[in-house]
Amino acid sequence: MAGRIRDDDVKAVRDAVPIDGIVSEYLQLKPAGGGNLKGLCPFHDEKSPSFQVSPSKGLYHCFGCGEGGDTLAFVMKVDHLTFAEAVERLAGQAGITLRYEEGGHGPGRQQQGERIRLVEAHRAAALFYVEQLGSPEAEIGRRFLAERGFDQAAAEHFGVGYAPAGWDHLVRLLRGKGFSDKELIVSGLASESRRGGAIDRFRGRLIWPIRDITGEVIGFGARKLRDDDQGPKYLNTPDTPLYRKSQVLYGIDLAKKEIARTGRAVVVEGYTDVMACHLAGVTTAIATCGTAFGGDHIKILRRLLMDNALAEVVFTFDGDEAGQKAALRAFEDDQKFAAETSIAITPGGMDPCELRLADGDAAVQRLIDGRTPLFAFALRSIVARYNLDTDEGRVAAVDAAVPVVAAIKNQSLRDRYAIRLIGMAGIGTQAEEQSIIRRVRAMSRARAAGQAPDQGRPVRPGYGPPPDARAAAPAGPRGPRLDLRSPAHRVERELLKLALQYPQLVSPAFDAYGEDEFTGAPYAAVRRVIAEAGGVEQAGDDYLVRVRDTAPDDTVRMMVTELAVEPVMHKVPEIYAGEVLVRVRMNAVERRAAEMQAALARLAAQDVRADAPEAIAVRDELWALQQYGQRLRLQGAAGL
C-alpha cells in the first residue's frame with residue numbers, strides 16, 4: 001500500500017511548477033509592482049483586484065478575504081482537492097514521478113482522490129469518443145458536422161467525438177482500465193440500468209467534451225443524430241463532483257487567453273456556435289451548457305476581464321421573441337459587470353453557425369462588430385411594449401424605462417440615455433423632459449445610497465486592512481487588531497516583510513531582535529515563528545516553507561503569507577533595510593527609556609533615596625539606553 005508522499009518529492013513539485021502559471025489558468029494577472037502580480041480573487045467577490053501573487057516567493061495572498069498560501073494550497077482550495085491529490089496533479093503536469101514512504105512509485109487506484117479518478121475517467125472517455133468518430137457507424141455524425149461547415153481539422157481542434165449506439169461500449173472500456181461501475185455512475189459517464197449495473201449514458205450521439213478553465217475534461221454534451229432517438233436534442237452530463245452546469249462555460253479553455261488579451265468575451269448559445277465563431281476569427285466566444293447565463297458564469301468572466309471598465313461582454317441571440325427575452329435576462333445581470341455589455345442580434349433568426357454557413361466568416365465578424373449597447377436594446381424593447389400614441393401609453397413607457405436608465409453606471413452616459421428615452425417616448429414639453437431627468441438622477445442616487453461601498457469584499461480576518469486596501473468592508477475579527485496608521489505598527493510590519501522577503505538584507509541583526517520589540521501581537525507571533533524556523537541567518541531555498549510550516553495555526557500562517565507577498569514600501573530594499581532595523585530598535589529603546597523614567601518617578605514618590613541600589617540600577621539602565629539611542633541616531637544600522 002502506498003503511503004505518504006516523500007517530503008523531497010513535494011519540494012520538487014513546489015519548485016517545478018511556477019505559481020503564476022497555475023493561477024493564470026483561472027484568472028487574468030497583471031503587474032502589481034515589486035515583481036508581484038494581481039487579479040480578482042477566485043475565492044470571493046470583489047470589485048477591485050486585491051489578490052496578489054509573488055512568483056519569486058511561490059506564494060499568493062488575497063488582501064480582501066485573507067486566503068493565501070503556496071501553489072499546492074491554491075490548487076487544493078480552487079479545485080477542492082486534498083493535499084496528496086494536489087501534489088499528484090501538479091506532479092503529473094511537471095512530469096515528476098512521486099515516491100511514497102512505504103515504497104512504490106504511485107498510489108493504488110483505489111487510493112487516489114475521487115476528483116483525480118473522475119478526471120482520469122473523463123480523459124479516457126474523451127479519447128474513446130474521438131477515436132469512434134472515425135468509425136463506419138459515425139458516418140452520420142461526420143455528415144452532421146460537414147453540413148454545418150466543420151471539417152476533420154475543426155472536429156479535432158474542439159475534440160468532437162462520437163458515442164457508439166451500443167449499451168456499454170464505454171463502460172466495458174473503462175472497467176478494463178480499473179474503474180468501478182459506481183465511479184462511472186458518479187462521474188455521469190454511465191447510468192444505472194434496471195438490473196443495477198452500469199450502461200453508457202451517451203449512445204449513438206455526437207459528443208462535445210466540456211472542459212474547465214484549465215483544460216481538463218469534466219463533462220460532455222451529446223447531440224441527437226437519429227429520428228428513433230427518443231431522448232432530448234441535447235443531453236449533457238448531470239451535475240457531478242466535477243461538473244456543475246451553472247459554473248461551466250463551454251470553450252472557456254480555448255478562449256480565456258484571448259478574452260484576457262482583448263478585454264472582450266462573446267457569449268453564444270451552443271457548441272456549434274462556439275465552433276463557428278472561433279473558426280471565423282472570433283476566438284473569444286463561449287457558451288453556457290444547457291442553462292441560462294447566470295451569476296457563476298459572470299464570476300468566471302470577471303476574473304478574466306479584470307473588471308476593466310473598457311472591457312466588453314457581447315451577447316448574441318436570435319432575433320425572435322425567445323432571443324429577445326434571453327437578451328433582457330442578460331441585461332438584468334449588467335450591473336454585476338464593470339465591463340460594458342452589448343448585444344448582437346443575428347439576422348433572419350439565424351444563429352452564428354447558420355450565419356457562417358450562409359454568408360461566410362466575414363458575416364460572423366460583422367455580426368459582432370455591429371453590436372448594440374445592451375442598454376439601448378433594453379430601452380427599445382421596453383418602450384415598444386406600449387402604445388405611444390396615447391398619453392397613458394407614453395407615461396407607462398417612461399415609468400417602466402426610468403429604472404433601466406437609472407441603473408447605468410456611467411453618469412454622463414446615464415444622462416444621454418435619459419434624453420434618448422424622452423425622444424423615444426415622444427415627450428413634448430420642456431417641463432416634462434426636466435422632470436424625467438430629475439427622476440433618473442434621484443433614482444440613481446437612491447440606488448447608490450442603498451449599496452455598500454464594496455459589497456462582497458470582507459476585510460482580512462483579524463488584522464485590519466493593508467495600507468492600500470482600507471476601503472474593505474468590516475468583518476468579524478479573528479485576532480488582535482492592528483492599527484496600521486500607528487507608525488510603530490507600520491515599521492514593524494515593514495521589518496517583518498523584509499525578514500521574509502529579503503532575509504539576507506537584515507541578517508544577522510534581525511535574529512537578535514526580541515518578540516517584545518514588536519508591539520502588535522500578530523507581528524510578535526510572526527517574529528516567533530521566524531526564530532523557531534531557524535532565523536534569517538539560516539534562510540535558504542526552503543526558508544518560507546519552513547516558516548509557514550512552523551506557524552502554530554492558520555491565523556499566524558495567513559499573516560506570514562500576507563507579509564511575504566505584500567511589497568515593501570521602498571523601491572530600494574538594500575537601503576531601506578538598515579533604516580527599518582534602526583527605527584524598530586529605536587522605538588523599543590524609547591519605550592524602555594520611558595518605562596525607566598516612570599520607574600524613577602515612582603521611586604521618588606515613595607521617598608526612596610537616590611543612592612539606594614534599586615534607584616541606581618534604574619538610572620544606570622536609563623543612561624545606557626540613552627547612550628545606545630544616541631549611537632543609533634549618529635551611526636544608523638552600523639550602531640546596532
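In terms of the mean number of neighbouring beta-carbon atoms within 10 Å, the peptides 371-381, 53-63, 591-601 order highest first as 53-63, 371-381, 591-601.
Amide H to amide H distances under 5 Å link His80 with no residue, where only residues 5 or more positions off or on other chains count and H is placed in the peptide plane. Quick check on region 247-287: take the gyration tensor over C-alpha atoms, sort the square-rooted eigenvalues as a ≥ b ≥ c, and tell me if it's rounded (a/c under 1.5), prolate or oblate. Oblate, because a/c is 1.5 or more while a/b does not exceed b/c. The H on the amide N of Ala165, modeled in the peptide plane, is under 5 Å from the matching H of Gly204, each at least 5 residues off or on a different chain. The mean sequence separation of alpha-carbon pairs under 8 Å and at least six residues apart, normalised by the residue count of region 114-243, gives a relative contact order of 25 percent. In this Cβ point-charge picture (+1 for Lys and Arg, -1 for Asp and Glu), the chain has a dipole of about 820 debye about its Cα centre. Phi-derived couplings, Karplus 6.51 cos²θ - 1.76 cosθ + 1.60 at θ = phi - 60°, listed residue by residue for region 63-72: 7, x, 10, x, 5, x, x, 9, 4, 5 Hz, with x used for Gly and Pro. Taking amide H atoms as placed 1.01 Å from N in the peptide plane, the amide H of Lys47 has no partner under 5 Å among residues 5 or more positions away or on other chains. Helix content alone sets the calculated 222 nm mean residue ellipticity of the chain: runs of n ≥ 4 DSSP H residues at -39500 (n - 2.57) each, divided across all residues, give -15500 deg cm²/dmol. Can you work out the Karplus-derived ³J(HN,Hα) for every residue in region 6-15? Use 6.51 cos²θ - 1.76 cosθ + 1.60 with θ = phi - 60°, whole Hz, and x for glycine or proline. These are the phi-based 3J(HN,Hα) values: 5, 4, 5, 6, 4, 4, 4, 5, 4, 6 Hz. For the cross-link pairs Lys182/Lys256; Lys11/Lys182; Lys11/Lys257; Lys77/Lys177, the ones whose C-alpha atoms lie over 31 Å apart are Lys182/Lys256; Lys11/Lys182.
Across region 240-254, rounded Karplus estimates of 3J(HN,Hα) from the backbone phi angles (6.51 cos²θ - 1.76 cosθ + 1.60, θ = phi - 60°) give 9, x, 8, 10, 10, 4, 6, 10, 10, 10, 5, x, 5, 5, 7 Hz, Gly and Pro being marked x. Most tightly packed first, judged by the mean number of other beta-carbon atoms within 10 Å of their residues, the peptides 188-200, 278-290 read 278-290, 188-200.
In the chain, Cα pairs under 8 Å separated by at least six residues give a relative contact order of 10 percent.
Near Lys47, which lysines are there with a Cα under 19 Å away, not counting those fewer than 8 places off in the same chain? Candidates past the 8-residue exclusion: Lys30, Lys38, Lys299, Lys336, Lys409.
Any read-out appearing in this document is the output of simple, stated calculations on the displayed coordinates, not a laboratory observation. No experiment lies behind these values; they were computed from the predicted model shown. Heads up, the Cβs are rebuilt from the backbone with ideal geometry, glycines too, and the neighbour counts pull from every protein chain shown.
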